[in-house]
Amino acid sequence: MSVSFNDHAIDDTPTSAAERQEPKPPTPEPPEAEQPANHSTIRQTPQRIHTPGEFPHNTIEYVIHVRPPYPPVQEEVYSQRPRRTTAGKHTSTRFHDEQFSGITIHNTHHHSPEYYAYYTTSTTEPTTYTEATTEANKEMWAAAIQKELTSLHDNNTWVISSLPEGRTIVKCKWVFREKKGAKGETLRYRARLVVKGFTQRYGVDYLETYAPVVKLGSLRILLAIEAFYDFEIHQGDITTAYLLGHLEEELYLEIPEGVDVSEGEAKGGRPVCRLLRGLYGLKQSGRTWNKPWDEFLIDKCNFQRSSEEYGVYYQIGNQQTPLWTLIWVDNILWIRTQQPIKEAKKELGQKFPLKDLGPAHFFLAIRIVLKPIKRKITLAQDQYIETLLKSFGFQDCYPVSTPLDPGAQLVSSQPGDIAA
């Protein structure tokens, strides 16, 4: 059975007058008022200019528009960013004598989403060798530079040679610091030649880098033991500690500023410094210095290293009371009575260039206040806090007992609240 349809069998002719009327064209919209010149024109969805039911003659891109919330902002090119004044200067989050002032956020146009921040910096420490030798306190910095170069020469840190074919050099820079006391006063000027460790290549210029230091938690525990037993705390400093370790890798350093090299020393090639000992900034310097320190204390001085804290050493004497020795890179603390500490200093000074700083009052930017009568000890970092506040321009702010909104209302918790 087949079914067929006749296309002319169905009459689509409209019968009523309403159906015979043609569709009316759309009413034209009144023209938009011109906006002032200082206002940006916002693109709106255009009105339909076609009859409903018919496919529009315009393209879909013309009918549908996505209005962005703001004009597109040009993406910042990283390579064109201005270099920070402290780039490569500090290895930690501490701010050393740098003040940020005049911080301003400015919008150049009322309707522009672009903002600009301006700040000015002022520092009392030079950042380059040229600044140290030409600007303020140049006599002090020149003496510090000469002292550092003399120390490098006396320790046979390098020998001048020519760069072998296929080898790359490691770069270096001068770092200048004003050594501060517990009250923020300048104790001495220090110049140090530092290697740019990021120019080293793993597997070629270095391998192992780990070097233990005492943890701050262990330091607080031992200071609490000192306060309980009324011991004494003495402090020492190893001068140029990193120069005491011998390098196992073959490293070539660029000629530092202030070092004169004769033509005959390079033997016709590019003059470089073949490093024999560690320098500050080398990735393996901490490890090379810790090795002779650890061997001397354990093998020669009959110290034992803590199995839980590799930066803590102890020596059991005749009174079965341990002499604690703590190390943080080149800073040393002794905890016990005066006579064992005096003997330990004398023995250590025969091996390393030790600077005896006497009773400890300022260690790792921590001020130590002893109260032997009450058998108490107080640790404070007020100088570090003041330096941090000054660096951000908050030195004149009002101190409060707790950083909480004064209008906040505290309500005591109920037993059921904790369970919930």
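Every read-out reported here was derived from the displayed coordinates using simple, explicitly stated rules and does not represent laboratory data. Please read all numbers here as calculations on a predicted model, not as lab measurements. Don't worry about glycine lacking a Cβ; one is built from the backbone with ideal geometry, like all the others, and counts go over all protein chains shown.
Summary of values
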{"read-out": "Potential lengthening between residue 146 and residue 413 on full extension [0.36 nm per residue; Cα-Cα distance subtracted]", "value": "89.6 nm"}
{"read-out": "Two-site FRET efficiency, residue 239 against residue 196, from Cβ-Cβ distance with R₀ of 25 Å, rounded to 0.05", "value": "0.60"}
{"read-out": "Segment residue 261-residue 375, extension gain: residue separation times 0.36 nm, minus the distance between their alpha carbons", "value": "35.2 nm"}
{"read-out": "Theoretical gain in end-to-end length, residue 339 to residue 401 [0.36 nm per residue, Cα-Cα removed]", "value": "18.0 nm"}
{"read-out": "Cα-Cα over 32 Å, subset of 180/300; 183/345; 147/376; 291/376; 215/371; 173/267", "value": "180/300; 147/376; 291/376"}
{"read-out": "In nm, spacing of pseudo-spin labels at residue 300 and residue 136 (7 Å Cα→C-beta vector)", "value": "4.4"}
{"read-out": "Zone of residue 386's modelled label, taken as backbone nitrogen in the range 150-194 under 12 Å from a point 7 Å along Cα→Cβ", "value": "181-186"}
